[in-house]
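Below is one structure, written out as structure tokens; comments come after it.
The values are calculated or read from the model by the stated rules, or taken from the named source; none is laboratory data. Note that the structure is a prediction, hence the values are computed from the model and not measured. Every residue, glycine among them, receives a Cβ derived from its backbone with ideal geometry; neighbour counts consider all protein chains shown. For the accessible areas, the whole protein counts, side chains as well, though only heavy atoms, and no ligand, DNA or RNA atoms are used. Shrake-Rupley method; radii C 1.70, N 1.55, O 1.52, S 1.80 Å.
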Amino acid sequence: DKPIEKTKSGFIIKEQWKSVPPTGTVVAIGPAVTLVKEGDRVLFERYGSVILKEEDMRLCKESHILATLDEED
């Protein structure tokens, strides 16, 4: 996901305090994955993934996924 620029209550976050949230959408899975599917929005461990800079994606193990999120989360 993109960095958060404004809180839900409307506060604007200064540039140095912005961080990329540890959430994203699953775009591909391996053959042994059973807990998530492509298209799921997930919360994952912030330091439990590898950043693929060329594609602006993260690669992580299924065990590093903490939760699946609803659409409004």
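Table for the structure above
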| item | result |
| --- | --- |
| Accessible surface of Thr25 - all protein chains present, 1.4 Å probe, nearest 10 Å² | 70 Å² |
| Accessible surface, 1.4 Å probe, highest first, among residues Ile12, Ile65 | Ile12, Ile65 |
| Label point distance in nm, Ala32-Thr7, each placed 7 Å from Cα along Cα→Cβ | 4.2 nm |
| Residue order for Asp56, Asp70, Asp40 - accessible surface, 1.4 angstrom probe, largest first | Asp56, Asp70, Asp40 |
